[in-house]
Amino acid sequence: MQKATEEIILSSRESSFLIRKFDRKGFQAPFHFHPEFELTYILEGRGKRFVGNNMSSFRENDLVLIGSNLPHCWKLAASEKIKAGSVVIQFTPEQFAPFMNNQIPEFNSISNLLRRSNNGIQFSEKIAGAMKEDIQSIFIEKDKFKRLLILLRILKSLSNTRQFTLLNRNDFAHSQSAHNRERLNKVNAYIIENFQENISLKKAAQIVGMTPNAFCKYYKNITRETLMETVINLRIDYAIQQLIETDKSITDICFESGFGDVSHFYKIFSSRMKMSPLRYRNKYQLEIS
């Protein structure tokens with residue numbers, strides 16, 4: 001059973017930010033968080049991206065900005081045979097404080113961008129494509145000052161665009177106390193790792209050291225929904241993505257999404273989407289044709 005772990009990132013005294021390139025089979029990091037901001041560009045691979053409470057599909061040319069202490073992970077699709085590749089740029093709030101506190105008026109737009117990143121930001125494919133050359137060049141550039149200028153140019157460009165999606169409705173990482181945030185991260189990690197299988201209320205309660213009854217009250221008070229409502233929403237979101245992105249049968253999608261009964265899946269899906277899974281798929285295909 002995995003929990004959201006804090007990643008300790010060793011920064012360099014010679015640079016105000018860290019840049020790494022990953023080229024391997026699958027993304028290794030579990031659901032985790034760290035104080036640093038993170039800009040991640042996907043070079044290759046596809047699968048599911050988890051940021052806070054959001055689950056979305058990702059593929060090549062995916063660009064996301066993640067705020068400080070916002071938990072996240074990428075999971076490669078089970079059918080994906082190729083290597084996963086990404087470029088990751090990380091920098092701390094302390095190092096970029098002048099750009100965040102409106103101390104330099106010319107960087108006010110970057111300050112606003114970094115504040116929005118507390119929700120997690122996914123940029124459009126067009127914007128991601130436009131940033132690709134700079135993101136790759138910053139990894140190659142040896143001159144540290146020039147690297148900083150490239151990073152500032154990237155952030156400035158991203159701060160000026162409206163072609164983005166906020167991945168969480170609320171400031172996920174900072175809307176709760178540190179103690180509550182740690183508890184929620186542990187529970188969310190358990191849900192993410194197990195939503196396609198059986199989710200146990202007892203196990204979820206044990207993760208945060210509570211009785212099931214106390215946990216139910218605590219979880220609903222914090223999230224405004226029950227544990228099973230969260231799980232069902234995640235399962236439906238996953239099913240929707242499978243309906244859109246694959247030609248799998250409704251039955252296969254039902255069981256792969258974590259539902260144990262097809263009729264129950266139809267009932268839950270129809271209640272939320274106001275149409276059956278088959279009609280939803282047909283409607284989507286008609287709209288894009």
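Taken together, the values in this text are just the output of simple stated rules run on the coordinates, not laboratory data. Just so we're clear, the structure is a prediction, and the values are computed from it rather than from any experiment. FYI the Cβ positions are ideal-geometry reconstructions off the backbone, even for glycines, and counts take in every protein chain you see.
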May I ask you to compute the full-extension gain from LYS274 to LEU18, defined as 0.36 nm times their residue separation minus their alpha-carbon distance, rounded to one decimal in nm? 87.5 nm
How many percent of the alpha carbon pairs in the chain exceed a separation of 33 Å? 27
Under a straight-distance cross-link criterion of Cα-Cα below 22 Å, which lysines are reachable from LYS274, leaving out those fewer than 8 residues away in the same chain? LYS248, LYS283
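Out of the trypsin sites (Lys or Arg not before Pro) in segment 257-289, which ones are loop residues according to DSSP with at most 12 other C-beta atoms within 10 Å?
Working: sites: LYS267, ARG272, LYS274, ARG279, ARG281, LYS283; in loops: LYS274.
Those satisfying the criteria are LYS274.
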Alpha carbon centroid spacing (whole Å) that separates segment 37-80 from segment 259-276: 27
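What length, rounded to one decimal in nm, is gained on full extension from HIS32 through to THR246, with 0.36 nm per residue of separation minus their alpha-carbon distance?
Between HIS32 and THR246, full extension yields an extra 74.2 nm.
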Relative to the first principal axis of the alpha-carbon coordinates of the chain, what is the inclination of helix 277-288, with its axis defined by its Cα atoms, in degrees from 0 to 90 and to the nearest 10? 40
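Can you bin segment 178-288 into rounded, prolate or oblate? Criterion: square roots of the alpha carbon gyration tensor eigenvalues sorted a ≥ b ≥ c, rounded for a/c under 1.5, prolate for a/b above b/c, oblate for the rest. Before the final figure, lay out each step's value.
On the way: a/c = 2.48, a/b = 2.35, b/c = 1.06.
Because a/c hits 1.5 or more and a/b exceeds b/c, segment 178-288 counts as prolate.
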Springs between alpha-carbon atoms under 10 Å, Gaussian network over the chain: tell me which of ASP134, ASP247, ASP237 tops the mean-square fluctuations. ASP247
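Please get the size of the charge dipole for the chain, origin at its Cα centre, with Cβ charges of +1 on Lys and Arg and -1 on Asp and Glu, quoted in debye to the nearest 20.
Working: 41 positive and 30 negative charges, 77 e Å.
With Lys and Arg at +1 and Asp and Glu at -1, about 380 debye.
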May I ask what percent, to the nearest 5, of DSSP beta bridges between residues of the chain are antiparallel? 95
When the chain is treated as a GNM, springs tying every alpha-carbon pair under 10 Å, which of SER276, SER68, SER159 comes out with the largest mean-square fluctuation? SER276
State, to one decimal in nm, how far the label point of LYS146 lies from the label point of ASN180, with both points 7 Å from Cα in the Cβ direction. 4.9
Given MET55, SER157, ASN69, which one lies farthest toward the positive end of the charge dipole of the chain, if we put +1 on the Cβ of every Lys and Arg and -1 on the Cβ of every Asp and Glu? MET55
How far is it, in nm, from the label point at ASN108 to the one at THR165 when both lie 7 Å from their Cα along the line to the Cβ? 3.1
Residue with peak Gaussian network fluctuation, the chain [Cα springs, cutoff 10 Å], from SER16, SER263, SER157: SER263
